[in-house]
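The values are calculated or read from the model by the stated rules, or taken from the named source; none is laboratory data. The structure presented is a predicted model; accordingly, all values stated were derived computationally and were not measured. Ideal geometry is used to build each Cβ from the backbone, glycine not excepted, and the neighbour counts take in all protein chains shown. What goes into the accessible areas is simple: the full protein's heavy atoms, side chains included, and nothing from ligands, DNA or RNA. Shrake-Rupley method; radii C 1.70, N 1.55, O 1.52, S 1.80 Å.
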Amino acid sequence: MAKTYIISNNASKSGKTTTAFNLALCFGAMGKKTLLVGTDKSWVNSLLNPKNSDAVLYISPFMSFCQMDAFDTVKFDEFQFILVDASINSFDKVTERLGSESKLIVPVEAEYYGLNSLKPFFQKVSDLGIELEGIIPVMLRKGSKPSENAVLNLTEYFGTSVFEPAIQRNYYLARQKDFKTFSQSKMTEKAAVTYLNLANNLLDINR
């Protein structure tokens, strides 16, 4: 049975899609059959599904993609990991469909304003009874005291629920949106590799 993770938070442009996509790339590069599920028309949907197909698309030998509308056709025994990129608008629908079968990974931007919306979001998560797998700080500005202090504050409050190390701002991650065609090797070499520690942490948890 596939291990299912919902990747979400309640802030826009805060690393949800980038985290889901690059985790899928890492798992695929490690030979783990992975399904990435989109819930809106993000840049990843444009890259992997330019014809807006409603089927499960086999992008590479170890990575597949579909939109949430096609999720009921998924053969779970084909995959080891399913990663759902849950937008703010789709969070309620996704958790209603998958909440009892999945765990939550929360990307949090490493800035003070990235912490502001956490309390109501985690209250909602608690009310829905969704199990938290962990929090991953993203967009860390190395050498910036405010950014590094935001990560420290996260760790002080959430303890071992915070994955280490934080994901630093990265030119290659930002450039992924500019790709017109999918390239596993080019997107993994200097971009997705920054998520390798997180992928390994999740593999260790699921051994």
When the residues of region 7-37 are narrowed to those that are more than 19 Å from Ser185 (Cα to Cα) and among the charged types (D, E, K, R), which ends up least open to solvent (accessible area, probe 1.4 Å)? Lys16
Criterion: assigned to a helix (DSSP H, G or I), open to solvent by 60 Å² or more (accessible area, probe 1.4 Å) and not β-branched (Val, Ile, Thr) - qualifying residue of Lys142, Lys124, Lys180: Lys124
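Matching residues to (1) on the phi > 0 side of the Ramachandran plot; (2) out of contact with any Phe, Trp or Tyr (no Cβ under 9 Å at 6 or more places or on another chain); (3) open to solvent by less than 20 Å² (accessible area, probe 1.4 Å):
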{"site": "Val108", "(1), (2), (3)": "no, yes, yes"}
{"site": "Arg175", "(1), (2), (3)": "no, yes, no"}
{"site": "Thr194", "(1), (2), (3)": "no, no, no"}
{"site": "Leu198", "(1), (2), (3)": "no, no, yes"}
{"site": "Leu203", "(1), (2), (3)": "no, no, no"}
{"site": "Arg207", "(1), (2), (3)": "no, yes, no"}
Within region 64-80, track down each residue that is of a type outside the set (Val, Ile, Thr) and open to solvent by 10 Å² or more (accessible area, probe 1.4 Å). Gln67, Met68, Asp69, Asp72, Lys75, Phe76, Asp77, Glu78, Phe79, Gln80
Note: among Asp40, Asp54, just one is closer than 25 Å to Phe121 by Cα, charged (D, E, K, R), open to solvent by 10 Å² or more (accessible area, probe 1.4 Å) and assigned to a loop (DSSP other than H, G, I, E, B), namely Asp40
List pairs: first residue in region 137-166 and of a type in the set (Phe, Trp, Tyr), second residue outside any helix (DSSP H, G or I) and surrounded by 13 or more Cβ atoms within 10 Å (Cβ to Cβ) anywhere in the structure, Cβ distance under 7 angstrom, at least six positions apart or on different chains. Phe158/Ile135; Phe163/Gly134; Phe163/Ile135; Phe163/Ile136
Tally time: how many residues in region 65-79 are modelled with pLDDT of 95 or more and either touching a Ser or Thr at 6+ places or on another chain (Cβ under 7 Å) or assigned to a helix (DSSP H, G or I) (or both)? 1
Regarding Pro61, is this residue more than 17 Å from the chain's Cα centre (by Cα), at pLDDT 90 or above, at negative phi and not β-branched (Val, Ile, Thr)? yes
